[in-house]
């Protein structure tokens, strides 16, 4: 386990907004990629960093929706991106690299949430694992030259406290040995997101690249589309205190910009702070499980992901 995985004296908290975190930062000359940046917390990240002067490139599936939502935002451009389709991921990366040499901040924000029946991506893997992890793994690897070029780049992997529902089963990603459960499938993908940050941070050290996993908090956005009314109501009863999208975006922006994290990486963060470890059988809905911070499991996932995507990095 990472010894740095313990809360620090952050001046921000669960109620802080992305704009509050970014206040005073001049991001002119900085390049940013935000996947899923046309809705929810992704859109809040885009607005915040755009206002701070950054050049922001948004990747999203729905071109019409994205262009309409992003219209008028300064320094913001859009390219189509379907993380479940490796051809689309490669096309996005090629477009970015053709236009930009460096990438300072990469927000792997987009995600699939609770499809009621098992569906696969175009690689043939369960959709939540395929889009939430494999698509982002491929994209990050293809953008690796630009991340190295930036010097001190940061990659933010959007995980979730939902990772506590399931660890990682690399031998049964498509639920062929176990009944499909959309909640567990989602949890597995979020565990993978956290482990991705652990290994990327280790691999990125010689190049100044740091990585962070983020739990944004519970936010009522369009990610709940696949939830039944009963499931949604039960979730509301468990959570009680939901965040606004602006509050939900704050931790990701804090991980990208905070000077307090200059010497710290590979950690799981929530509420604009490093989260504490919690026991793997603990029922509280905060903190990070040990299996989501296991360097050996992270390395095994990395090897598997390189094989599946065909993107071996960092070379």
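Residue order for 35, 191, fewest other beta carbons within 10 angstrom first, comes to 35, 191.
Using the Cβ-Cβ distance between residue 6 and residue 281 with R0 set to 22 Å, the FRET efficiency from 1/(1 + (r/R0)^6) comes to roughly 0.60.
Between the alpha-carbon centres of the range 95-141 and the range 272-314 there is a gap of 17 Å.
As a calculated quantity, the FRET efficiency between residue 23 and residue 180 at R0 = 35 Å, using C-beta atoms, amounts to about 0.20. Put in order of Cβ neighbour count within 10 Å, fewest first, the listed residues 210, 307 become 307, 210.
From the square roots a ≥ b ≥ c of the eigenvalues of the alpha-carbon gyration tensor of the chain, which class results: rounded (a/c under 1.5), prolate (a/b over b/c), or oblate? Since a/c stays below 1.5, the shape of the chain is classed as rounded.
Report, for the chain, the % of DSSP beta bridges that are antiparallel, rounded to 5. Given both bridge residues lie in the chain, the antiparallel proportion sits at roughly 10 percent. Estimated at 0.36 nm per residue, the fully extended path between residue 71 and residue 122 surpasses their Cα-Cα distance by 15.3 nm. Taking each DSSP H run with n ≥ 4 as -39500 (n - 2.57) and averaging over every residue of the chain yields -11000 deg cm²/dmol at 222 nm. Kirkwood analysis of the Cα pair distances in the range 120-212 returns a hydrodynamic radius of 13.8 Å.
Each value in this text was obtained by applying a stated rule to the coordinates, not by laboratory testing. Treat the numbers as computed from the prediction; the structure is a model and nothing was measured. When we count neighbours, we look across all protein chains shown, and the Cβ atoms used for this are built from the backbone with ideal geometry, even at glycine.
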